[in-house]
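Working notes, structure below.
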Amino acid sequence: MKKAISVLSGGLDCTVATSVFAKDYEIHAITFNYGQKSFNQELKASKEICKKMDFKHYVVDLPWLAQISNSTLNTDDDIPEIKEEELDDIEKSSETASSVWVPARNMVFTSIATSFAESIGAEAIIVGWDREEAATFPDNSKEFLNAFNELIHIGSPKDIRIEAPAIDLDKEEIVKLGIEVGAPMEISYSCYAGREKHCGVCESCMRRKRAFKKLKIRDLTEYEQ
């Protein structure tokens, strides 16, 4: 069977994206530890997803990234909260995005995933980048995807391509896709705060909550608020 590398944080987007390819590829999932508040919960979710979907699982520690990051994901600073009606306010959402930005995170993750792909002969790297988050996170955009694929084409002797099935989707459409492909969304973990239950008020939680709410689908996620 063909092999693929999944950059799997255990979140909603990457869980759905990886599930799209689950039947056609032997999935080797990588979860990164860069000192984020939510690492323990992300690891727990990733392990459960990999066990359920029969994926191979690896953990890569990046202590240096934790050391250089001033993101609220890596420091004692509070994770910013946002209201549902502010999610589409580009000024407000850009402010919260800036607070949780980790330096070159997706550049680093995708480069490491390329190393894994070369080493095991994988032909695909699966990521959960999507249109909704690309509005404030440039490393989720189609432009970034196309540029990185061109970089791999130029810089790698192997035929490897990044696959981002959610690149043109918003969260609502991602949940729809997740239902279609049988993604284990109920065990995914999206919260920035890293508590056992989703905080329910950080931007990541709010976007997740809104998607299920819009679709009028029961959300099995446990939220504190």
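When each of 48, 84, 42 is tested for being within 24 Å of residue 131 (Cβ to Cβ) and open to solvent by 50 Å² or more (accessible area, probe 1.4 Å), the lone residue that passes is 84. If only residues of the range 108-121 that are among the small types (Gly, Ala, Ser) and within 17 Å of the chain's Cα centre (by Cα) are counted, the one that is nearest to residue 29 (Cα to Cα) is 113.
When the range 122-147 is limited to residues that are more than 29 Å from residue 89 (Cβ to Cβ) and crowded, with 18+ Cβ neighbours inside 10 Å, the one that is nearest to the chain's Cα centre (by Cα) turns out to be 126.
Filtered by the rule that a residue be closer than 14 Å to residue 192 by Cα and either among the hydroxyl-bearing types (Ser, Thr, Tyr) or crowded, with 18+ Cβ neighbours inside 10 Å (or both), the range 51-79 gives 71, 72, 73, 74, 75, 79. Count of the range 105-121 residues, restricted to those that are touching a helix residue (DSSP H, G or I) at 6+ places or on another chain (Cβ under 7 Å) and open to solvent by 60 Å² or more (accessible area, probe 1.4 Å), is 1. Within the range 1-38, the set of residues being of a type in the set (Val, Ile, Thr) and not in a helix (DSSP H, G or I) comprises 5, 7, 27, 30, 31.
What about residue 167, is it among the aliphatic types (A, V, I, L, M), free of Cβ contacts under 8 Å to residues at least 40 places away in the same chain and surrounded by 15 or more Cβ atoms within 10 Å (Cβ to Cβ)? Spelling it out, residue 167 is indeed among the aliphatic types (A, V, I, L, M), free of Cβ contacts under 8 Å to residues at least 40 places away in the same chain and surrounded by 15 or more Cβ atoms within 10 Å (Cβ to Cβ).
If the condition is being surrounded by fewer than 22 Cβ atoms within 10 Å (Cβ to Cβ) and in contact with a Gly (Cβ under 7 Å, 6 or more places away or on another chain), then the range 26-38 contributes only 37. The listed residues are 187, 152, and the only one of them that is touching a Gly at 6+ places or on another chain (Cβ under 9 Å) and either surrounded by fewer than 20 Cβ atoms within 10 Å (Cβ to Cβ) or under 21 Å from residue 103 (Cα atoms) (or both) turns out to be 187.
The values are calculated or read from the model by the stated rules, or taken from the named source; none is laboratory data. None of these values were measured; they are calculated from a predicted model. We place every Cβ from the backbone using ideal geometry, glycine too, and count neighbours over all the protein chains shown. Areas reflect the complete protein model, heavy atoms only, side chains present, ligands, DNA and RNA absent. Shrake-Rupley method; radii C 1.70, N 1.55, O 1.52, S 1.80 Å.
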